[in-house]
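Asker: Pasting a structure below so you can have a look.
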Amino acid sequence: ELSNSVAHADITTILHPYTDARMHEQKGPLVIEKGDGVHVIDQSGKRYIEAMSGLWSVAVGFSQTRLRDAAAAQMEKLPYYHTFASKSHEPSVRLAEKLVEMTPENLTRVFYTSSGSEANDTVIKLVWYMNNALGRPQKKKFLARNKAYHGITIASGSLTGLPGNHRDFDLPAIPVVHLTCPHLYRFGQEGETEAQFCARLLKEAEDTILAEGPETIAAFIGEPVMGAGGVMVPPEGYWQGIEALCRKYDILLVSDEVINGFGRTGARWGCEKMGFTPDILVTSKQLTSSYMPLAAIVFSEDIYNVIADNTHKLGGFGHGFTASGHPVACAVGLENLAIIEEQGLMENAAKMGERLQAGLAKLADHPLVGEVRGTGLIAAVELVADKATKRPFDPVGKVGGKVFEYGHEEGVIFRNLGDSIAVCPPLIVTEHDVDEIVRLMGIAIDRAADWARA
Ligand code: PLP
């Protein structure tokens, strides 16, 4: 039987990312066979609401035939060509124009990669190249935050601020300083207000810049609203303060919008929602709804000019990938963005986001729920062993894992980041879908509470 043969072949051949291998061998995979709007369907025919958009990435749902058609048409015409050494093709150019049009006004230039990790590696190399060209090679360090997720390659994984991604790999491997995660509930001090917390974090950032020496700090990178670390919205004024410090000390500001981009936070870009203007913006995931792998960095004319003017002095920007600006991926991206605009999906995300946040907020009284947080169509519900003291469950991850498991049984896919249960549904969700996600979250948490008591 097919389902058994796929499951068997899986456990005898594949090493899965972020998976307990021995447990996986015992339990076997959940084999997803089909997509249908906001749902995915497994081999037994069971339907799940995909409340995580896959990996925070499928804006238009799992069965958008226009993307299939765009890919097929481009496959027919020019399935592949590269963009090295002045080669070009229309899909990469049209999408670049679109990205420049859609991003903040100061961002005028595009570089393509296939993944968010490669995009952030490219950011690092772009900035280092620029500083080498400017004769200040010592200006190399990146400022990032604890709990940030910027990818998983050796360099982008170094920017990531999750100890689990560093431990066992001897990372960070590039000079990076991680600052406090801007999450009041977990990192605020006893009695601290949001404003006091914000002021403390900004002081920490400035003290760090001064202690390290501004002449050694190249860039600050952050997700406007943090994603994989547990969905954290920073305090009011935080991003304005960070932006001011970057300007004061000549530090480039990088907005990692791999999750935040294209309406996820309720605004077009996370940086617009948070009210700051980056020098470099990184996008991926919802760019193609992840039907094809594609990422892009969009950056300022000033950065471009330094690189362009120094091509001969330094030997050219010797960086790029076989699939940089892949024509099929770019054609799918263009069609995906057309759908997002035509169908008003960013506006829908803002509207449905309010309903989602309001619905989840009602779970805040549950004895297991420590905090409900989020903005737009991205949220998390953090479970705690003790509401009053915020004491987490021990060992961390188990109760969250139960909610995840019970979710599957109830027909919904969440993601547990430790004991924070994340929700990030496709931008096409309806009121009914949102209400269903909230209802099933409540059921899964109730069942986890029964399990924890037993
Ligand atoms: N940056 C952010 C904010 C992300 O959330 C991710 C992936 O989740 C990445 C970068 C890395 O992207 P990829 O998995 O495509 O390498």
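The values are calculated or read from the model by the stated rules, or taken from the named source; none is laboratory data. Not measured: the values here are computed from a predicted model. When we count neighbours, we look across all protein chains shown, and the Cβ atoms used for this are built from the backbone with ideal geometry, even at glycine.
Asker: Of all residues in region 199-242, how many are outside any strand (DSSP E or B) and over 15 Å from residue 275 (Cα atoms)?
Answerer: Initially, region 199-242 is screened for residues outside any strand (DSSP E or B), giving 199-216, 223-225, 227-231, 233-242.
Those still in the list that are over 15 Å from residue 275 (Cα atoms) too: 199-216, 227-231.
So the count comes out to 23.
Asker: Take the residues in region 229-243 that are surrounded by 21 or more Cβ atoms within 10 Å (Cβ to Cβ) and small (Gly, Ala, Ser); name whichever of them is farthest from the ligand (Cβ to nearest atom).
Answerer: Across region 229-243, the extreme among qualifying residues is 230.
Asker: Now for a different question. Name the residue that is nearest to the ligand (Cβ to nearest atom), counting only residues in region 27-68 that are assigned to a helix (DSSP H, G or I) and either at pLDDT below 95 or among the polar types (S, T, N, Q) (or both).
Answerer: If we take residues in region 27-68 being assigned to a helix (DSSP H, G or I) and either at pLDDT below 95 or among the polar types (S, T, N, Q) (or both), then 53 is nearest to the ligand (Cβ to nearest atom).
Asker: Would you pick out the residues in region 364-411 that are of a type in the set (Val, Ile, Thr), more than 23 Å from the chain's Cα centre (by Cα) and within 21 Å of residue 182 (Cα to Cα)?
Answerer: Scanning region 364-411 gives 369, 384, 389.
Asker: Among the residues of region 266-307, write down those that are basic (Lys, Arg) and either part of a helix (DSSP H, G or I) or within 16 Å of the ligand (Cβ to nearest atom) (or both).
Answerer: Within region 266-307, 273, 285 meet the criteria.
Asker: Any chance you could count how many residues in region 244-265 are part of a strand (DSSP E or B), within 16 Å of the ligand (Cβ to nearest atom) and in contact (Cβ under 8 Å) with a residue 60 or more places away in the chain? Spell out how you get there, then give the answer.
Answerer: If we filter region 244-265 for residues that are part of a strand (DSSP E or B), which is where we start, we get 252-256.
With within 16 Å of the ligand (Cβ to nearest atom) added as a condition, the list becomes 253-256.
Pick out the ones that are also in contact (Cβ under 8 Å) with a residue 60 or more places away in the chain and you get 254, 256.
Final tally of qualifying residues: 2.
Asker: Report every pair of residues separated by at least 6 positions or lying on different chains whose Cβ atoms are under 8 Å apart, first residue within region 366-386 and hydroxyl-bearing (Ser, Thr, Tyr), second not in a strand (DSSP E or B).
Answerer: 375/225; 375/233; 375/265; 375/266; 375/273; 375/353; 375/357
Asker: In region 108-161, which residue that is away from the ligand (no atom under 11 Å from the Cβ), hydroxyl-bearing (Ser, Thr, Tyr) and outside any helix (DSSP H, G or I) is surrounded by the fewest Cβ atoms within 10 Å (Cβ to Cβ)?
Answerer: Among those residues, the one meeting the criterion is 108.
Asker: Right, another one. Pick out the one residue from 390, 398 that is surrounded by fewer than 17 Cβ atoms within 10 Å (Cβ to Cβ) and either assigned by TED's automatic domain parsing to the domain that holds residue 274 or touching a Gly at 6+ places or on another chain (Cβ under 8 Å) (or both).
Answerer: Answer to the selection: 390.
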